[in-house]
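What follows is one structure encoded as structure tokens, with my remarks underneath.
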Amino acid sequence: MTPGPSGRARVRPAGRVRRVAARALALVVAALLAPGCSAPEDGPATVRQEPPYNATDVAWLRLAEALHGRALPMLALAPERSRSRPLIGLAGRLAAAHETGRARLRTLLARAGQAGENPHAQHDMPGMPTSADLEALRGLRGDAFDRRFARLAGAYLDQLVLVAEGEQRSGGDAEVRRLAAGMARRHAAERAELRRSVPHGINGWDFPPGRAKLISDQ
Amino acid sequence: MIKRCLRLLAVLPLLLLPLPQPASAAVIRVAEFPADCPFSHRLPDDPIVFPGLPGASHMHSFFGSRVTNAHTTLADLQNGATTCNPSVDRSSYWVPTLYRDGVAVEPAIVTFYYLGEGVRDDVIATTQPTPLGLRVVAGNAKATGPDGSSIARWSCLHAGQVAPSKDFVTCPAGTMLESYLDFPQCWNGRDLDSADHKSHMAYPVAGQCPSTHPVAVPKLRQVIRYPVSGDPSRFRLSSGGGFTMHGDFFNAWPPAEMERRVRDCIRPIVKCGPDGRPL
């Protein structure tokens, strides 16, 4: 490609009369189309949400719902592949709790007028196990499965805590913020339990304070 | 509001007077003005898709505004510094970060062209300024392959023999991998954003804007050159394969500067420089 975005052509002053006419016509049309003539002077400053929801509420509800949905198939792999009783127990409780949490998120999304398909559902976001991750997990057993599973589940829980904290700080609706606060506490406890359930440590996952390790950016 | 319309109509006769001629005998007949906005910073944030949720996004490389993060508002951009030439452009532009062998690579050249092309000349002549505060996402971060669902294209700077592709291409040594992405240029005339951050804008059909999105605004063309070449299997974007390339735009041009460029460069179909004057 050439550096310029498009081709070029030159016009001579002979084209001037036509240009003047075209310009006048353009201005008439422009005056009629001008925002001040056809629409409110001030557009909405943000995406229009059903009050009292703000853009953060909707973004968090969608992202948390998508994260939960993508983690469930991973959690379902543990019973047949892990040999750690605590890990199998935790995976089972996570699956049940996160199924319930997901339903709660969906209810609030519907209340916010966002009942349609979740835009993040089919998209690899930080914290989500990818289809390659799931494929790899399916082929593992015992300690190898536990280590890989714990790393992925850890990244998932880290991300859930991180975004729930964002909602607590920036969300608009009190009920959504309360849900986020409860989820942040619960996910932090689940993260601690996951850490205890893998006695030999988890390679590459050191529970960093603050920002979660972003698995897609490793 | 009505007064404003009458005022606009009142000045029309003045436009029929002879236009001042540029010093040079000819102008370049391309409706265009650019902003060159080099890399500013990198964050896993997206104030359009995940406002108020720092760390929620895949990694983004930000151009233009130096202050953009998950919490950024229009006022933050208007009061913040920029990397852009012209420096009056306080807009924020961002894309998924490119990695080579897992190491982030930032572009060497980043240009945002504002263009008239894409609609008929008589429609170009009615182009309206891009509204202040407009937020748009173009391209498809969720594309699953180099098919119809992706819009961005990849090519090589100074290697036109390499056919453009929706996925990464193999650029000869000494050339640069480049990405082109055109934003939609038809606005619904009402919303500065929408739930999917796309549907308040549309692409033109058969040289004009559809009735649902009747207002033609300048077409934003994002052109990014990365100082890399060679084997595409070494590259990935934070959002996935090359076909997931997308761009986010948060407009913070001062309205007077945007209006002047639309009036002097886009509507009369004249190629301008970053200062918004004919070249």
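The values are calculated or read from the model by the stated rules, or taken from the named source; none is laboratory data. From a predicted model like this one, the values you see are computed outputs, not experimental measurements. No Cβ is skipped: glycine too gets one built from the backbone with ideal geometry, and neighbour counts run over all protein chains shown. Side chains are part of the model used for accessible areas, which takes the heavy atoms of the whole protein and leaves out ligands, DNA and RNA. Shrake-Rupley method; radii C 1.70, N 1.55, O 1.52, S 1.80 Å.
Here the strands (runs of 3 or more DSSP E) wholly within the range B:162-279 that include at least 3 residues being within 11 Å of chain A (Cβ to nearest Cβ) are B:176-182, B:219-226.
Selection of the range B:57-68 for residues being more than 7 Å from chain A (Cβ to nearest Cβ) and over 19 Å from the mean Cα position of the chain (by Cα) yields only B:Ser57. Restricting to the range B:59-73, what's the tally of residues that are under 21 Å from A:Met128 (Cβ atoms) and open to solvent by 10 Å² or more (accessible area, probe 1.4 Å)? Residues flagged as under 21 Å from A:Met128 (Cβ atoms) and open to solvent by 10 Å² or more (accessible area, probe 1.4 Å) within the range B:59-73 amount to 1. Could we say that B:Thr130 is in contact (Cβ under 8 Å) with a residue 12 or more places away in the chain and in contact with a Leu (Cβ under 9 Å, 6 or more places away or on another chain) here? In short, yes. The set of residues in the range B:113-152 being of a type in the set (Val, Ile, Thr), outside any loop (DSSP other than H, G, I, E, B) and open to solvent by 10 Å² or more (accessible area, probe 1.4 Å) consists of B:Val123, B:Val137. Please specify each residue of the range B:166-201 satisfying the condition of being among the small types (Gly, Ala, Ser) and either touching a Leu at 6+ places or on another chain (Cβ under 9 Å) or open to solvent by 20 Å² or more (accessible area, probe 1.4 Å) (or both). B:Ala173, B:Gly174, B:Ser179, B:Gly189, B:Ala195, B:Ser199 - these are the residues of the range B:166-201 that are among the small types (Gly, Ala, Ser) and either touching a Leu at 6+ places or on another chain (Cβ under 9 Å) or open to solvent by 20 Å² or more (accessible area, probe 1.4 Å) (or both). A residue that is outside any helix (DSSP H, G or I), modelled with pLDDT under 95, crowded, with 19+ Cβ neighbours inside 10 Å and acidic (Asp, Glu) occurs somewhere in the range A:119-138. Please verify whether the range B:44-54 includes one or more residues that are at pLDDT 95 or above, buried (at least 21 other Cβ atoms within 10 Å of the Cβ), closer than 28 Å to B:Gly273 by Cα and among the aliphatic types (A, V, I, L, M). No: the range B:44-54 contains no residue that is at pLDDT 95 or above, buried (at least 21 other Cβ atoms within 10 Å of the Cβ), closer than 28 Å to B:Gly273 by Cα and among the aliphatic types (A, V, I, L, M).
Among the residues of the range B:89-112, those identified as surrounded by 18 or more Cβ atoms within 10 Å (Cβ to Cβ), part of a loop (DSSP other than H, G, I, E, B) and not hydroxyl-bearing (Ser, Thr, Tyr) are B:Asp89, B:Arg90, B:Pro107.
Name the single residue that is nearest to the other protein chains (Cβ to nearest Cβ) among those in the range B:122-139 being among the polar types (S, T, N, Q) and touching a Phe, Trp or Tyr at 6+ places or on another chain (Cβ under 8 Å). The selected residue is B:Gln128.
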